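Reviewing the structure listed below.
Rule-based calculations on the coordinates, nothing more; no lab input. A quick note: this is a predicted structure, and the numbers were derived from the prediction, not measured. We place every Cβ from the backbone using ideal geometry, glycine too, and count neighbours over all the protein chains shown.
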Amino acid sequence: MLRWLKPWGKKRGARRSGSRLLGSLGEALFYAFLFLLGSLSLVVILTSVRLGTWPSHHYFPELFFVEVTGKVVDQRRTPIDPPVGSPNVQPEILVKLKTQSEPVWVRIADPSVEREAALLELGKFEIGQDYTYWHALGDLRQIQTTEPTRYRFTLVIVTLISLILIGASGVGRTVVQEGTTPERRASIAQRAADLDLAGGTNHTIIDYPSVPDDVEMTNSPGIHFAYRLPIAHSPVLRLLAAAVFSLVWTSIAVVFVQVVVGGFLEGKGEWLLGIVTVAFVALASWSVYDLFQQLAFLVGIGPTSIEISHYPFYPGASYRLLLTQGSHMDLQYLKLMLACDEQATYRQGTDVRTEVRRVREDAILDLEQDQSKRDSAFEYECELRIPENVMHSFRSPNNSIQWKLIVNGKVGNWPFERVFPIVVFPEDSI
Amino acid sequence: MDPVVTLTIVDRHRNYTPGETIVFEYTIESLQGNGIQAVEASVLWYTEGKGDEDMVVHYFERGGAESVIGEAFQGACRFETELPKSPLSYEGLIVKIQWCARIRVFLTSGAELHHETPFHLGEVPRPRSRSK
């Protein structure tokens, strides 16, 4: 069966199924095109500015305006015939330029304005006084009282310089990538990273490469034990996000309701806008309900904290642990477990996917609690033993091994889960 | 016969401990008039499995022809490095960490020879399979 030649291979994440050389060549050509486009356009524009020819003269006439001074000798308000409802006066001043023998009429408001505004504008130019004007070179029809802005020209120049830089860096990167081995590139990148780390204070990253940063583990002292572990996702932040969303959405819905109700009261109601408003109000109502649910959830369940006797964590070592669960409602059950997850991130085409696989789960506490704990926080002290012969915590850009303590519980009718990430070091590192 | 490069570990054993010095030896055979432009020796780890590959080079050395000519033809060239404390070799369910040494020889003809020798850092057993 005849197959068409494919100019490029299907992307499979960072791995390319087609020719690597052709891919690099295409990439280099693309960036070279950007570089040439930017360079040639910049040269053409700057040359035309210098010579005063096309394209600058046509697209950026403001570059060729000249500054002149002149005396105001007369004023007038020219009535015009605008569309219904538009302003109908054009204020003008008669100016005697120092470079011209004949005076010229200059519009000082564009477009036309109302009569009162025209008087206000004319009041800025007293008869007999000298003012500064700008006009196109050799064309007094384009005379104006304000200095022409050059932001369009600046924007184009910045865009062209960006194209040149992107193109040059892209070609350079492609050439370097094609001319060096992956190990050499990684070595150069590693040396650069080491230079950055040399100024840092955390020795974990330097002494234990690829072990996650553990600064958060010890920066919060506990009450009963040495350290209080940080929580993965604070429920307060979720509550704050819900509050912001609810506030913004409800405000939008209120504006919609005001517009729609006002329209109906004036007899000019729009049914389509009304239907949209109903949807907005429904979502706003749900967001308020969700906000109060989360508030009740946070207050009802109360804070969860875990304190540990010492740190760092090593495989085979034991620690004292204190779990505290504050609650204003009945605690139905509470579980505490030590878990280890593998996490892999990969690209499928343009999608980025993450897969998590649990490789270990050890129960530490499994408690069925029927009695009420409304008045005091639940506390449970036990031994935490990190299993022997297990992999340490690990993190690289696309892969990681995450150890964590997980608290599962149910307060009232609300089940909840709170996660406390921990860093386990290699066994031989004590 | 085409030129061949081989890379072996001196005094090879099953697992290497963090901080241990590991010595590698490489030989280049059957050059038959081919000149050597450069040689790259590296010790690195890379990930395998479900996720996109990550690679970090622990040791890297690039030398010109003068670094091997005279030694490689006579016998073998050596390089050594002290192994880091982490990451340890690991064969998980969807994440695997593989340590290896690589040698790349660039010939004046434009051809490239390479050889890779894996080894184990640490002694972490495979985890039992369980789904989340």
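Computed quantities for the displayed model
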{"read-out": "GNM flexibility winner over chain A from A:Pro312, A:Pro87, A:Pro55 (Cα, springs under 10 Å)", "value": "A:Pro87"}
{"read-out": "Positive-end extreme of charge dipole, the protein assembly as shown - chosen from B:Trp99, B:Ile22, A:Val44 (charges on Cβ)", "value": "A:Val44"}
{"read-out": "Out-of-range pairs (alpha-carbon distance over 23 Å; input A:Lys98/A:Lys124; A:Lys335/B:Lys50; A:Lys404/B:Lys96)", "value": "A:Lys335/B:Lys50"}
{"read-out": "Descending semi-axes in Å of the protein assembly as shown, equivalent ellipsoid built from Cα gyration tensor", "value": "64, 47, 21"}
{"read-out": "Dipole-positive endmost among A:Ala284, A:Tyr59, A:Phe378 within the protein assembly as shown (Cβ charges, Cα centre)", "value": "A:Tyr59"}
{"read-out": "Signed unit charges on C-beta, dipole axis of the protein assembly as shown, positive-most listed residue A:Ser169, A:Ala241, A:Ser309", "value": "A:Ser169"}
{"read-out": "Nonlocal amide H pairs with A:Gln142, under 5 Å, H built at 1.01 Å", "value": "A:Ala136"}
{"read-out": "Viscosity 1.567 mPa s, temperature 4 °C, Stokes-Einstein D of segment A:304-429 from Kirkwood C-alpha radius, µm²/s", "value": "80 µm²/s"}
{"read-out": "Electrostatic dipole magnitude of chain A [Cβ: Lys, Arg +1; Asp, Glu -1; Cα centre; debye, to 20]", "value": "1720 debye"}
{"read-out": "Over the protein assembly as shown: helical MRE at 222 nm, DSSP H runs n ≥ 4 each giving -39500 (n - 2.57), nearest 500", "value": "-9500 deg cm²/dmol"}
{"read-out": "Net dipole in debye of segment A:306-411 [+1 Lys, Arg Cβ; -1 Asp, Glu Cβ; about Cα centre; nearest 20]", "value": "440 debye"}
{"read-out": "Per principal axis, descending, Cα span of segment B:4-121 in whole Å", "value": "47, 29, 19"}
{"read-out": "log₁₀ of I(q)/I(0) at q = 0.17 Å⁻¹ - segment A:61-144, Debye sum with one point per alpha carbon", "value": "-0.70"}
{"read-out": "Chain A - percent relative contact order, Cα under 8 Å, separation 6 or more", "value": "13 percent"}
{"read-out": "For segment A:31-154, size of Cβ-based charge dipole, Lys and Arg +1, Asp and Glu -1, in debye", "value": "300 debye"}
{"read-out": "Hits among aspartates and glutamates - C-alpha to C-alpha of A:Lys96 under 19 Å, sequence gap 8 or more where chains match", "value": "A:Glu67, A:Asp74, A:Glu121, A:Glu126, A:Asp130, A:Asp139, A:Glu147"}
{"read-out": "Loop trypsin sites (Lys or Arg not before Pro), segment A:13-122, which have at most 14 other Cβ atoms in a 10 Å radius of their Cβ (DSSP)", "value": "A:Lys98"}
